[in-house]
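The values are calculated or read from the model by the stated rules, or taken from the named source; none is laboratory data. Predicted model, so just to flag it, every value in this text is computed and none were measured. A quick note on method: Cβ atoms are made from the backbone with ideal geometry, for glycine too, and the neighbour counts reach across all protein chains shown. Each accessible area value is taken on the protein alone, full model and side chains, heavy atoms only, with ligands, DNA and RNA left out. Shrake-Rupley method; radii C 1.70, N 1.55, O 1.52, S 1.80 Å.
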Amino acid sequence: MSSVVRIPSKESHEDCNERLDQNHMADLTAMNVSLPAENFFQAAISLKDQVVEATWKGGGGRDSGQSLDTTVYKGLLGTAFTCLRSYEVTGNHHDLLLSAEIIDTCALLRPTYTTRHPTFLCGRGGVYALGAVVANYRGDPQRRDYFVNLFLEVAQERALPSGPDEGGFGMPYELLHGRAGFLWAALFINVHFGQETLPMDLLMPVVEAVLAGGRAGASDTTACPLMFRWHGTRYWGAAHGLAGILQVLLHFPLSSEDAEDVKGTLRYMMRNRSPHSGNYPSSEGNPRDKLVQWSHGATGIAITLCKAAQVFSSDREFRDAAIEAGEVVWKSGLVRKVGLADGVSGNAYAFLSLYRLTGESIYEERAKAFSSFLYHNASKLVTADHLYGADHAYSLFEGLAGTACLWFDMVSPESSKFPGFEL
């Protein structure tokens, strides 16, 4: 990969997500769009090794004590997830062993800022769900059951099915720190072990609490059936808002009334996207049309619309809206960062979702184009004074680990999944 160059760190969060010069888009159509899968495969292995060296072997991961970030989102569990993804593609048992070692360390440390949350990306849910899956791959049923039982203890916490609390007080509802993130972790376990490993009668009260909270949050927004607050703001995106919460709800059996509220919320979002760009606002009533990424904007919403198109297959509008959101990502999604949360790696997954939904080769080609851009430029976009600090330059959602996962998924695009978001 290319050598690192400096990107000034004085710019604001939104400025650093600014789209690259439009000449880069022209370059995409001409450069290495058809890189063979073997290139991505080898690059993914190499980058995974760099991630492990930086965050675990050479980065003091074993000795950093209680201050260590253990989350999937930007901590050590993201490295464990990347090693697991590598094992699933390569069959290399050394990666599986590395993943297990990291998970066991995180399970022992359990820092206080992680234990507050029951979620997959930013809490205990990630430790226990990943721990169970990796132990099962290793043929260790005792360790698997240990982690599943720890997750069951989390699932029985009384705050999860209580509410509504209007989406911003008490336990939140969003994906990173709230009930949607807990439910995603439960789905991750059930996908690997069977749908009743964590029984529906345990999970559906939490689903119902999320729906009730959304209705309470929408009580003064009559045009939208569901709305949630995160720290007082009604976000629309995948990380803290509607796209992430709806993505999770779409995996559960919904009554006709609940399904209509989910569909009505998506239609409200579709009606209120920018009439000029087709992009989606980051939050309710926000007039700025700047961010095209997974966290905020068209990318995360496109992926959720793809899921809605599968669940509500007779409603063509969701498929059409997903395609339109994908066009926004293609035109404006070549941003100045690499990560899954707010960079090119995350934006490439919108095309992979559309490819799985439609089977149309144009979306595979677009995913290859973004992946090829990263193949040549990822190291230029990650610097020692990375906006969020060097510690996160190799993380899953804010750094290069997410790029490694994308490249592994480019080996078999038909079975790709956005880490921590798609199942």
### Summary
Subtracting the Cα-Cα distance of S255 and R138 from 0.36 nm times their residue separation yields 38.3 nm
### Summary
The simple spin-label model distance between D104 and A223, using points 7 Å out along Cα→Cβ, in nm, is 5.6 nm
### Message
Please compute the modelled spin-label separation between R271 and E327, points set 7 Å along Cα→Cβ, answer in nm with one decimal.
### Response
2.1 nm
### Task
Just read off the accessible area of D69 with the full protein assembly in place, 1.4 Å probe, to the nearest 10 Å².
40 Å²
### Message
If packing is taken as the average count of other Cβ atoms within 10 Å, what order do 188-201, 231-244, 302-315, 120-133 fall into, highest mean first?
### Response
120-133, 231-244, 302-315, 188-201
### Message
Students often get this wrong, so check it: of K263/K331; K57/K368; K74/K337; K290/K380; K48/K307, which have C-alpha atoms separated by over 20 Å?
### Response
K263/K331; K57/K368; K290/K380; K48/K307
### Cα gyration tensor shape of segment 275-383, rounded if a/c is under 1.5, else prolate or oblate by comparing a/b with b/c
oblate
